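Enquirer: Dropping the structure in here first, questions after.
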């Protein structure tokens, strides 16, 4: 039994390392294609609309209510200790560094990652990707690159809007519900929040976008077994993207904000 356990564990680890290497290779090949400038810019613009504009409502509604919930928890506790004047700064830092980047990444991993994996998975099982190769068209340049670039560009753009909406939600709750002075809240944000906090959060989202696109494209292009295989690829893509985002978020937070 112990030998079987170790055999299973060894196979799992080797499979994980193999897939990780293939995903990194796909990302590097895509970056190489980006710098070669041999791509259709209209495909990128189309994906930017699908990834950015079409995800706008979901991302902003999510961060609005998360910002409000976070602010109400922080505000009530801080008021008990007479720390009214630091609530705005804490809310602003939390939203800029963690909440807006992370939640935007999570929302897009679920919405966009699943969409990309399902779309490319369907193309794979219906042999459309093989048809592209037979016509001399690179699937990486035609399918992966536009989604990769669009995700890396649109996640920061969405996060900027999420920062604003999350802050406004926190402000509304802290000032109108808890009763903290508007000037205290704003002055606290001005004192605590630095541009490096905002830039660090945006840098995270660039990486998150690359992760979401790479994982979704990789899993979609490896789908097999018809509709069931496409569904499995979509599910696994979202799960891997979410776990990877949380892990990468931790290490980037340690490097950027310590």
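The values are calculated or read from the model by the stated rules, or taken from the named source; none is laboratory data. The model shown is predicted, which means the values in this text are computed figures rather than measured ones. All Cβ positions, even for glycine, are placed from backbone atoms using ideal geometry, and neighbour counts span all protein chains on display.
Enquirer: For the stretch 193-227: of the residues being surrounded by fewer than 19 Cβ atoms within 10 Å (Cβ to Cβ) and assigned to a loop (DSSP other than H, G, I, E, B), which is farthest from the chain's Cα centre (by Cα)?
Expert: Out of the qualifying residues, it is 225.
Enquirer: Quick one: which helices (runs of 4 or more DSSP H) sit completely within the stretch 1-103 and have at least 2 residues that are without any contact (Cβ under 8 Å) to a residue 24 or more places away in the chain and more than 26 Å from residue 154 (Cα to Cα)? Spell out the reasoning first.
Expert: Values: elements: 2-36, 41-51, 56-80, 87-94.
Result: 2-36, 56-80.
Enquirer: Anything in the stretch 127-139 that is part of a helix (DSSP H, G or I) and over 14 Å from residue 116 (Cβ atoms)? List them, or say none.
Expert: Initially, the stretch 127-139 is screened for residues part of a helix (DSSP H, G or I), giving 128-134, 139.
Selection gives 128, 130, 131, 132, 133, 134.
Enquirer: Are any residues in the stretch 119-133 out of contact with any helix residue (DSSP H, G or I) (no Cβ under 6 Å at 6 or more places or on another chain) and modelled with pLDDT of 90 or more, and if so, which ones?
Expert: Quick first cut of the stretch 119-133, residues out of contact with any helix residue (DSSP H, G or I) (no Cβ under 6 Å at 6 or more places or on another chain) only: 119, 126-128, 130-131, 133.
Scanning the stretch 119-133 gives a single hit, 119.
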